[in-house]
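The values are calculated or read from the model by the stated rules, or taken from the named source; none is laboratory data. Everything numeric here is computed off the predicted structure, so don't read it as measured data. As a convention, Cβ positions derive from the backbone with ideal geometry for all residues, glycine included, and neighbour counts pool all protein chains shown. Note: areas computed on protein heavy atoms with side chains; ligands, DNA, RNA excluded. Shrake-Rupley method; radii C 1.70, N 1.55, O 1.52, S 1.80 Å.
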Amino acid sequence: MHVPDGFLDAPTSVATGVVAATAVAVALRGARRELDDRTAPLAGLVATFVFAAQMINFPVGAGTSGHLMGGALAAVLVGPWTAVLCVSVVLTVQALLMADGGITAIGTNITLIGIVTVAVGWSVFVLLRRLLPKTLAVVAPAAAVAAFVSVPVAALVFTGLFAVGGNAPVDLGAVAAAMLGWHTVIGIGEAVVTGLVVASVVAARPDLVHGAAPLIAERELVTRKVDVS
Amino acid sequence: MTSRTSNRRIFAVALIVSLLVAGVASYYASAHPDGLEYVAEQTGFLDSAEDSAASDSPLADYQTEGVDDARISGGLAGVIGVVVMLVLSSGLFWAVRRREPADTDA
């Protein structure tokens with residue numbers, strides 16, 4: 001869903017740029033709490049994997065394709081603040097190096113793919129984790145559902161931005177319906193990839209999965225020396 | 001603790017998977033327009049898209065300038081992208097991370 005230059009007018013692009021810059025600034029502070037010597041290298045690899053995975057467009061029928069956005073995936077693996085930074089780095093590299101997504105649209109793309117999918121994905125994931133049994137087995141399915149929901153919501157937010165600052169006079173109802181329909185199907189792909197990747201990491205190293213931390217804390221009681229300072 | 005995959009091993013696996021996905025599997029990705037592009041075409045606002053100022057980048061559209069073979073051109077662009085991503089994001093997260101206070105017992 002990389003928005004090219006020209007779809008949205010200048011005021012809307014400036015506004016999303018301000019939103020994106022603010023979110024990245026806040027995320028830089030928030031990520032400090034999520035990252036330590038152990039998880040920082042993993043976060044770099046998660047961002048790198050999201051970049052690679054976004055190169056894989058999968059067909060969703062009628063000559064249309066979709067690819068992973070990765071916001072929910074990154075949020076569950078390395079935490080929501082770090083996830084915003086992961087996807088923001090991906091989108092910036094794509095726009096500057098690969099001409100994928102417009103340069104004046106970087107703020108828009110960070111808002112849609114970096115903020116909306118992370119916020120929605122993480123919220124749905126935390127809600128499910130609260131409702132479901134307190135076991136590691138729920139992490140991957142909850143991440144998959146969160147990923148699924150995040151994609152059509154991002155599509156609707158794009159439609160909202162287009163309603164405010166779209167550069168072409170088109171039927172907004174048709175845009176909304178088509179965006180929601182296609183991105184619900186693309187969301188299934190997002191859910192499958194997210195579920196499989198999260199399941200793999202949970203199987204190998206549940207202690208590295210940010211979203212699994214409260215479940216591990218409840219499962220095993222470990223005595224640790226903690227330096228309170 | 002039971003046998004756990006070491007940090008080094010899991011990071012190596014993640015990097016190799018990323019390189020294979022970007023460098024090899026990407027060639028087989030669907031070339032169809034993505035959801036947004038398709039909707040833009042169907043509902044009539046695709047023409048409002050403008051060329052990116054980066055469209056003359058040597059890696060524009062995930063193809064390496066000057067490499068004719070599409071498989072190698074795309075694969076190389078993917079691998080370069082993965083390396084750039086790894087350097088930038090690892091550097092960023094290492095700089096942002098929380099420093100543990102020096103703990104001689106740890």
Computed over segment A:10-219: relative contact order in percent, which uses C-alpha pairs under 8 Å that are six or more apart: 25 percent
Sum of side-chain charges, A:VAL26 neighbourhood, beta-carbon under 15 Å (Lys, Arg +1; Asp, Glu -1): +2
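What's the buried accessible area, both sides, between A and B using a 1.4 Å probe, rounded to 100 Å²?
Numbers: alone 11210 and 9380 Å², together 14970 Å².
Summing both sides, the interface buries roughly 5600 Å².
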Separation in nanometres of the label points that stand 7 Å from Cα toward Cβ, at B:GLN63 and B:ALA25: 2.4 nm
Electrostatic dipole magnitude of chain B [Cβ: Lys, Arg +1; Asp, Glu -1; Cα centre; debye, to 20]: 1020 debye
Of B:ALA60, B:ILE10, A:ALA163, farthest towards positive along the dipole that unit charges on Lys, Arg, Asp, Glu beta carbons give the protein assembly as shown: B:ILE10
Residue list for segment B:1-40, given a label point 7 angstrom along the Cα-to-Cβ vector of A:ALA203 and an amide N cut-off under 14 Å: B:5
Gaussian network model of chain A, springs between alpha carbon atoms under 10 Å - residue of A:PHE148, A:PHE58, A:PHE158 with greatest fluctuation: A:PHE58
Tilt relative to chain B, helix B:70-96 - C-alpha long axis, 0 to 90 degrees, to 10: 40 degrees
Amide proton proximity set for B:ARG4, modelled H, under 5 Å, gap of 5+: none
Chain B: C-alpha gyration tensor shape, a/c 1.5 cut-off, then a/b vs b/c: prolate
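What FRET efficiency comes out for the pair B:ALA70/B:ILE16, r = Cβ-Cβ distance, R0 = 25 Å, nearest 0.05? Could you put the intermediate results ahead of the total?
Numbers: r = 23 Å, r/R0 = 0.93.
After rounding to 0.05, the efficiency reads 0.60.
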B:GLU50-A:THR184 pseudo-label distance in nm [points 7 Å out on the Cα-to-Cβ vector]: 3.5 nm
Lys/Arg +1, Asp/Glu -1 at C-beta; chain A dipole; positive extreme among A:ALA143, A:LEU91, A:PRO4: A:ALA143
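Leaving out ligands, DNA and RNA, and with a 1.4 Å probe, what % of the accessible surface on segment A:10-219 is carbon or sulfur?
Numbers: 5240 of 7120 Å².
With neighbouring chains kept in place, the figure for segment A:10-219 is 73 percent.
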For segment A:10-219, size of Cβ-based charge dipole, Lys and Arg +1, Asp and Glu -1, in debye: 480 debye
Heavy-atom accessible area order for A:TRP81, A:TRP182, largest first, 1.4 Å probe: A:TRP81, A:TRP182
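Which net charge results when you count Lys and Arg as +1 and Asp and Glu as -1 among the other residues whose beta-carbon is under 15 Å from that of B:THR5? Write down the numbers at each step before the final one.
Details: positive: A:ARG38, A:ARG205, B:ARG4, B:ARG8, B:ARG9; negative: A:ASP207.
Here the charged neighbours net out to +4.
For chain B, what relative contact order do you get, as a whole percent, if you take Cα pairs closer than 8 Å and at least 6 residues apart? Intermediate results must be reported in sequence, preceding the final value.
On the way: 47 pairs, mean separation 30.4, N = 106.
Once divided by the residue count of chain B, the mean separation gives 29 percent.
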Interchain or long-range residues, amide H under 5 Å from A:ALA99's placed H: B:ASP61
Within the accessible area of segment B:32-106 (1.4 Å probe), percent carbon and sulfur: 54 percent
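Between A:VAL192 and A:SER123, how high is the FRET efficiency from 1/(1 + (r/R0)^6) when r is the Cβ-Cβ distance and R₀ = 22 Å? Nearest 0.05. The partial results should precede the final answer.
Details: r = 21 Å, r/R0 = 0.94.
Computed FRET efficiency for A:VAL192 and A:SER123: 0.60.
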Summed residue charge, Cβ within 11 Å of A:ALA146's Cβ, Lys/Arg positive, Asp/Glu negative: 0
Per residue accessible area of chain A, 1.4 Å probe, in Å²: 37 Å²
Restricting segment B:30-97 to GluC sites (Glu not before Pro) in coil, as DSSP defines it, with at most 11 other Cβ within 10 Å: B:GLU65
Long-range amide H partners of A:VAL60 with built H, under 5 Å: A:SER65, A:GLY66
Inter-part distance where segment A:32-108 and segment B:44-106 are each reduced to a Cα centre, Å: 10 Å
Kyte-Doolittle at least -0.5, axis length at least 15 Å by Cα - qualifying DSSP helices, chain A: A:10-34, A:40-53, A:80-97, A:117-131, A:139-165, A:172-204
